[in-house]
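Visitor: Quick one: the structure is below, questions incoming.
The values are calculated or read from the model by the stated rules, or taken from the named source; none is laboratory data. In this text, all values refer to a predicted model and were calculated from it rather than measured experimentally. Ideal geometry is used to build each Cβ from the backbone, glycine not excepted, and the neighbour counts take in all protein chains shown.
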Amino acid sequence: MRKPAVRAIRLMFVLAALLTVCASPAVASAKVLEYQLQYLPVGTNGVSQLIIDVVLDPSTKLPVTVKVPMPMGAKLLWTGEILGTESSADPAREATVTVADGAQLVQFTMSQSWVGQVEADYTAPIVSGDDVSSRLVWVNVADSVPLVPSVRLEPGVSAVKIMPQPSGEASSNAAGEMLYSLAQTTLATGKSYTIDVSYSRSAAFNSVGSTSSTIITLALVLLGIAMIILVFVIILQRNRQRDSQAS
């Protein structure tokens with residue numbers, strides 16, 4: 001799950017958050033400034049996946065223990081700190097997962113960075129033919145701080161419907177995946193936030209099917225023309241032989 005494409009999109013959010021942080025007055029005590037949630041209805045494992053960043057105030061003295069909400073049904077894949085360089089350099093951290101009031105709480109220690117990350121598998125999407133739908137229910141079991149949600153979709157999809165509606169235009173990465181940013185929200189402790197996503201894969205697959213169909217049709221037409229020419233040549237040769245015998 002930790003791939004360059006994921007990294008590039010993630011860094012945009014992290015850098016934007018840090019710029020906002022640096023422009024605001026620092027506080028003395030440790031504080032979570034925001035959670036950044038990226039939801040993949042169909043991830044690299046075929047199931048839905050989550051990338052959750054926790055951004056601390058840079059005045060926080062490290063090391064510090066943080067608690068990150070994670071939806072029920074999610075299975076933890078990786079926990080660590082984001083250093084802002086290559087993803088291979090990001091140090092992994094041991095974490096404990098507990099259940100609290102309809103959600104899970106991931107707890108780990110940060111000692112090198114003010115940005116931590118949780119990556120997890122979530123539930124399987126509903127797939128019916130070309131149609132895909134998925135739902136994420138986020139319950140805030142931590143402090144009431146801003147949640148910055150986004151949705152990342154596989155390449156070549158159409159008829160995209162996302163609720164809540166995205167804010168602004170979608171962006172894409174080198175792999176052709178689309179990233180939709182949703183409006184920031186702040187949830188009181190214990191409150192929930194739901195993201196519903198549906199789309200069709202038919203655009204991508206029909207495009208391929210249409211191209212293949214066109215190639216096959218063209219090949220059949222050319223084959224038919226070749227057969228007509230061959231029949232014409234055979235008839236012409238027979239006529240010449242008949243004329244030669246007659247003379």
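Visitor: So which residues in region 146-179 are touching a Ser or Thr at 6+ places or on another chain (Cβ under 7 Å) and part of a loop (DSSP other than H, G, I, E, B)?
Guide: 157, 167, 168
Visitor: To continue, here is another question. So residue 126 clears everything in (1) surrounded by fewer than 16 Cβ atoms within 10 Å (Cβ to Cβ); (2) closer than 29 Å to residue 66 by Cα; (3) of a type in the set (Val, Ile, Thr) except one condition, right? Which one?
Guide: Among (1) surrounded by fewer than 16 Cβ atoms within 10 Å (Cβ to Cβ); (2) closer than 29 Å to residue 66 by Cα; (3) of a type in the set (Val, Ile, Thr), the lone unmet condition for residue 126 is (2).
Visitor: Quickly run through region 103-117 and pick out the residues that are in a strand (DSSP E or B) and more than 23 Å from residue 187 (Cβ to Cβ).
Guide: Initially, region 103-117 is screened for residues in a strand (DSSP E or B), giving 103-110, 115-117.
Within region 103-117, 109 is the sole residue that qualifies.
Visitor: A follow-up question, please. Out of (1) loosely packed, with under 10 Cβ neighbours inside 10 Å; (2) at pLDDT below 75; (3) closer than 30 Å to residue 36 by Cα, what's the single condition that is false for residue 174?
Guide: (2)
Visitor: In region 26-50, how many residues are among the β-branched types (Val, Ile, Thr) and either at pLDDT below 95 or not assigned by TED's automatic domain parsing to the domain that holds residue 153 (or both)?
Guide: Within region 26-50, the subset among the β-branched types (Val, Ile, Thr) is 27, 32, 42, 44, 47.
Remaining after also requiring either at pLDDT below 95 or not assigned by TED's automatic domain parsing to the domain that holds residue 153 (or both): 27, 44.
Residues in region 26-50 being among the β-branched types (Val, Ile, Thr) and either at pLDDT below 95 or not assigned by TED's automatic domain parsing to the domain that holds residue 153 (or both): 2 in total.
Visitor: Quick one: which of 134, 88, 128, 113 is over 22 Å from the mean Cα position of the chain (by Cα) and either on the phi > 0 side of the Ramachandran plot or among the small types (Gly, Ala, Ser) (or both)?
Guide: After applying the criteria, what remains is 113.
Visitor: Between residues in region 85-98 that are in the same structural domain as residue 69 (by TED's automatic domain parsing) and residues that are β-branched (Val, Ile, Thr) and part of a loop (DSSP other than H, G, I, E, B), which pairs lie under 9 Å by C-beta distance while being six or more apart or on different chains?
Guide: Going by the 9 Å Cβ cut-off, the qualifying pairs are 90/82.
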